[in-house]
Amino acid sequence: MSGADAVKEDRLWQRHADMAKLGGTPRGGVNRQALSPEDAAARNQLISWAKARGFSLFADTIGNLFIRKEGTDPTLSPVLSGSHMDSQPTGGRFDGMYGVLAAFEALEALEDAGIRTRRPVMAVAWTNEEGSRFQPGAMGSAVFAGTYRLDDMLGQKDWKGVVLKDALAETLAAAPAPLREGAPGFAVDSYIEAHIEQGPRLENERRTIGVVTAIQGSRRYIVTIDGEEAHAGTTPRAARKDAYAAATRLAAALYEATTDADDTLRFTIGRVEVLPGSPNTVPGKVTFTIDMRHPEDAVLARHEAIIERLVGEKTTPCAASLQKVTNVPPTHFDPAVIDLVRDKAAGLGLSHMDMPSGAGHDAMHVARLCPTGMIFVPCERGISHNEIENATPADLAAGTKVLVEVLEALANR
Ligand code: HGY
Ligand code: MN
Ligand code: MN
């Protein structure tokens, strides 16, 4: 029996249903934000499934959770596959979770098929990929890959002022696993991540498998505008330093400056905080986030300079600052891994197409460590970061069959 034949569609689908209960929302989505009790519950669920199969497991000091299936030669560096279990506040049940469960299903399928690869094969659930609670996103994989320093991340705070170090300690205590001490990171032979596309191309072009070639570049910022709180009834316009009025002028200019002719540049203001938030006090402080993406780094750099200029020009008489939170250049995956994904999809008789990723993934950091690739499966109408996100059991299983075949090939090199 091949690894692909041993993939169990029902088992994989049921696991998604089980996980979707952890942080499940009334509209059928999930709110399982990084290092929350819901995240700990998902970690415990994965740990119990791993223990039931006799796989070894450990967490590292940023909370990445690893599950290991031994190979015939334990001295060889492992092949790694996974994604993330944390979600957006109004997230779907497949974003990230599919890649973790597909990786786990791949380990089980190899085991069920009695296949012992040369290299160990490991599944991973990376900490805090979404970055919606604690910034920056893809934190666990970035620390593992050496992009960010562990100590810098431990001091990060969420929007309510909770320090990451404390939330991490609580999560690891609530979901205990053997701890790999010291700085995260170890030698990895290669990495492959399965994920829903989070866009409409596969569905529109009626393909089952996306052979991912690259991930576009992304930059994230926080704009802070400091004005002056004042009485809404007595303060003339000429005397105001209205931080929200300045923010709206700036936002309007930013949307206009990032409206490119071919609709390739992605510009999002996703979170706005207006203080003190009283109806009859002129806002004294506004902060808002910027998320900007493009396949070419030069375009991002050019628009960053425009943003810097507009932050100064559009906010007087208030003071304004622009803080860069992340700057992840475009990622180009390993040609040999891309070919392997394409060949295995073809070998399984699955329709497929090469495509870049519009969304960011943990693979963008791991790709700096070792040969890396990704496998996409369709999601309904390309909708994601939305509670109605959906996928089919057959597509999830198809992506997992490709994953098993790719893992087996990489682990026997
Ligand atoms: O934002 C992203 O691209 C990812 O889905 N977290
Ligand atoms: Mn994701
Ligand atoms: Mn996401």
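The values are calculated or read from the model by the stated rules, or taken from the named source; none is laboratory data. What you are looking at is a predicted structure, and each value in this text was computed from that prediction instead of being measured. When we count neighbours, we look across all protein chains shown, and the Cβ atoms used for this are built from the backbone with ideal geometry, even at glycine. The area values use the complete protein model at the heavy-atom level, side chains included, leaving out ligands, DNA and RNA. Shrake-Rupley method; radii C 1.70, N 1.55, O 1.52, S 1.80 Å.
Under 8 Å between Cβ atoms, at least 6 apart or on separate chains: pull out the pairs that start in segment 70-89 with a residue that is outside the structural domain of residue 109 (by TED's automatic domain parsing) and end on any residue that is at pLDDT below 95 and within 16 Å of ligand 2 (Cβ to nearest atom).
Note: no pairs meet the criteria.
From the set of residues in segment 145-155 that are farther than 14 Å from residue 168 by Cα and without any contact (Cβ under 8 Å) to a residue 24 or more places away in the chain, which is surrounded by the fewest Cβ atoms within 10 Å (Cβ to Cβ)?
Checked segment 145-155; the qualifying residue surrounded by the fewest Cβ atoms within 10 Å (Cβ to Cβ) is 149.
Just name the residue that is farthest from residue 175 (Cα to Cα) out of those in segment 13-42 that are among the polar types (S, T, N, Q) and in contact (Cβ under 8 Å) with a residue 24 or more places away in the chain.
Restricting attention to segment 13-42, the residues satisfying the condition of being among the polar types (S, T, N, Q) are 14, 25, 31, 33, 36.
The next check asks that each one be in contact (Cβ under 8 Å) with a residue 24 or more places away in the chain; those that pass are 25, 31, 33, 36.
Numbers: 25: 22, 31: 18, 33: 15, 36: 11 Å.
Selected residue: 25.
Run residue 247 past the list (1) in a loop (DSSP other than H, G, I, E, B); (2) in contact (Cβ under 8 Å) with a residue 12 or more places away in the chain and report the number of the one that doesn't hold.
Exception for residue 247: condition (1).
When you go through 109, 142, 103 one by one, which is the residue that is within 14 Å of ligand 1 (Cβ to nearest atom), part of a helix (DSSP H, G or I) and either open to solvent by less than 10 Å² (accessible area, probe 1.4 Å) or closer than 25 Å to residue 4 by Cβ (or both)?
Exactly one residue qualifies, and that residue is 142.
Being open to solvent by 60 Å² or more (accessible area, probe 1.4 Å), farther than 14 Å from residue 191 by Cβ and touching a residue at least 60 places away in the same chain (Cβ under 8 Å), is that true of even one residue in segment 357-379? Give the derivation first.
Narrowing segment 357-379 to residues open to solvent by 60 Å² or more (accessible area, probe 1.4 Å): 368-369.
From what's left, farther than 14 Å from residue 191 by Cβ: none.
Among the residues of segment 357-379, not one is open to solvent by 60 Å² or more (accessible area, probe 1.4 Å), farther than 14 Å from residue 191 by Cβ and touching a residue at least 60 places away in the same chain (Cβ under 8 Å), which makes the answer no.
Quick test for you: out of 277, 270, 199, pick the one residue that is modelled with pLDDT of 95 or more, more than 16 Å from ligand 3 (Cβ to nearest atom) and either in a loop (DSSP other than H, G, I, E, B) or out of contact with any Pro (no Cβ under 6 Å at 6 or more places or on another chain) (or both). Can you show your working first?
On the way: 270 fails: more than 16 Å from ligand 3 (Cβ to nearest atom); 199 fails: more than 16 Å from ligand 3 (Cβ to nearest atom).
Only one candidate passes the filter, namely 277.
Of 304, 228, which residue is open to solvent by 40 Å² or more (accessible area, probe 1.4 Å) and either away from ligand 1 (no atom under 16 Å from the Cβ) or within 27 Å of residue 364 (Cα to Cα) (or both)?
Just one listed residue meets the conditions, 228.
Quick one: which of 129, 170, 181 is within 16 Å of ligand 1 (Cβ to nearest atom) and not assigned by TED's automatic domain parsing to the domain that holds residue 308?
129 is the lone residue from the list that is within 16 Å of ligand 1 (Cβ to nearest atom) and not assigned by TED's automatic domain parsing to the domain that holds residue 308.
So, in segment 212-240, how many residues would count as being outside any strand (DSSP E or B) and closer than 30 Å to residue 403 by Cα?
1
Looking at this structure, is residue 201 of a type in the set (Lys, Arg), within 22 Å of residue 326 (Cβ to Cβ) and either touching a residue at least 60 places away in the same chain (Cβ under 8 Å) or in contact with an Asp or Glu (Cβ under 7 Å, 6 or more places away or on another chain) (or both)?
It is false that residue 201 is of a type in the set (Lys, Arg), within 22 Å of residue 326 (Cβ to Cβ) and either touching a residue at least 60 places away in the same chain (Cβ under 8 Å) or in contact with an Asp or Glu (Cβ under 7 Å, 6 or more places away or on another chain) (or both).
What residue, among those in segment 65-92 that are buried (at least 24 other Cβ atoms within 10 Å of the Cβ) and within 16 Å of ligand 1 (Cβ to nearest atom), is farthest from residue 150 (Cα to Cα)?
92
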